[in-house]
Amino acid sequence: METFFFILFAVVAIFSGLMVILKKNPIASVMFLILALFATAALYVMLMAPFMAAIQIIVYAGAIMVLFLFVVMLLNLSKIQEGGVSALKIIGALVAGGIMVAIAVVVRSIAIPADSGFLRELPAEYGTVESIGRSMFITYLLPFEIASFLLLAAIIGAVVLAKKKLE
Amino acid sequence: MIISLNHYLVLGAFLFCIGVAGVLTRKNAIIILASVELMLNAVNLTFIAFARHWGDATGQIFVFFSMVVAAAEVAVGLAIIVVLFRHKESINIDEVNLLKW
């Protein structure tokens, strides 16, 4: 059962990821990106991270992708001429393939038995909102506050950049 | 077939490489930004798979912070794209070469 759902969501994620970079229309790209984010959220649930799956759907697929769609529709883009197959595109595809091969070699070389599944016994509270919240507000309180400052800086930066007058 | 860490790592690698290919081959700035999101998402998946493997939820906290950084990056990146469009009437990155040479 777990195998079936893993393969299902992995195929959906890879297919929609390919559609993100292959579709000409930016709106279709963003829609497929939302589908990819949903598929990974389902995989998070299978990895015992339900809180992260909820955050992924609410923050990523909800808020960030709406921002994307908003800008795409605001700019009213005419289709950009992507051109045919050029040397740069071939180099780009080769670089991506090379990174894939490198990661595959590294994954093969690490000493994890391939067909044993996840061995470690998980504590009962693993991945619950309570345990995540406790470690976020106690152990990682300082990074949490720094993250809030980062978001504040990003908001101010975005407002300053997008203001009408630049002078 | 039993699903183990390796399957999740290979899936993350696939998604990451799709993102790399998108960044390197597309010319539309918004799609490049979407490809960067795809790469961040692949790394988040790897983080959560490793957290499950070691039985330690710290990886999930890291994913939370990486989502915060992604949100900040998207806000600033889209603001830059809006400014770019206002100046050039285009978001084709081939026409944006002010800082190139």
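FYI, it's all coordinate maths here, none of it is from the lab. This one's a predicted model, so the numbers in the text were calculated from it and none came from an experiment. Every residue, glycine as well, gets a Cβ built from its backbone with ideal geometry; the counts of neighbours run over all protein chains shown.
A few remarks follow.
- Average silhouette area of the range A:123-167, convex hull of alpha-carbon atoms, in square nanometres: 4.3
- Close amide H contacts of A:T128 (hydrogens built in the peptide plane, cut-off under 5 Å, sequence separation of 5 or more or a different chain): none are found.
- Reciprocal mean inverse distance between Cα atoms of the range B:1-57 - Kirkwood radius, Å: 12.0
- Loop sites by DSSP among the trypsin sites (Lys or Arg not before Pro) of chain A, restricted to those with at most 13 other Cβ atoms within 10 angstrom, leave A:25-78 as the longest stretch without any of them.
- Chain A, Rg to Rh (Cα coordinates; Rh as Kirkwood inverse mean 1/r): 1.03
- Relative contact order, percent, chain A [alpha-carbon distance under 8 Å, six or more residues apart]: 17
- Euclidean distance of C-alpha centroids, the range B:57-101 and the range A:128-148, integer Å: 26
- Restricting attention to the protein assembly as shown, lysine pairs at least eight places apart or on different chains and with alpha-carbon atoms under 21 angstrom apart total 18.
- Dimensions of the range B:5-95 along the principal axes, based on C-alpha atoms and rounded to the nearest Å, stand at 51, 24, 9, largest first.
- For chain A, the membrane-span-like helices by this rule, meaning whole DSSP H stretches whose C-alpha atoms cover at least 20 Å of axis and whose Kyte-Doolittle mean is -1.0 or above, are A:2-22, A:26-46, A:87-109, A:141-162; this says nothing about an actual membrane.
- Stretch gain in nm, segment A:A54-A:E2, where the contour uses 0.36 nm per residue and the Cα spacing is subtracted: 16.7 nm
- Taking only the C-alpha atoms of the range A:1-79, the Rg (one decimal) and the largest Cα-Cα distance, Dmax (whole number), read 13.9, 45 Å.
- Listed residues A:G17, A:G98, A:G133, most fluctuating in chain A (Gaussian network, C-alpha, under 10 Å): A:G98
- Two-site FRET efficiency, A:L22 against B:S66, from Cβ-Cβ distance with R₀ of 30 Å, rounded to 0.05: 0.70
- Qualifying trypsin sites (Lys or Arg not before Pro) for the range B:53-101 [loop in DSSP, other Cβ within 10 Å: at most 11]: B:K100
- Take the Cβ atoms of A:L88 and B:M1, set R0 to 45 Å, and the FRET efficiency comes out at 0.70.
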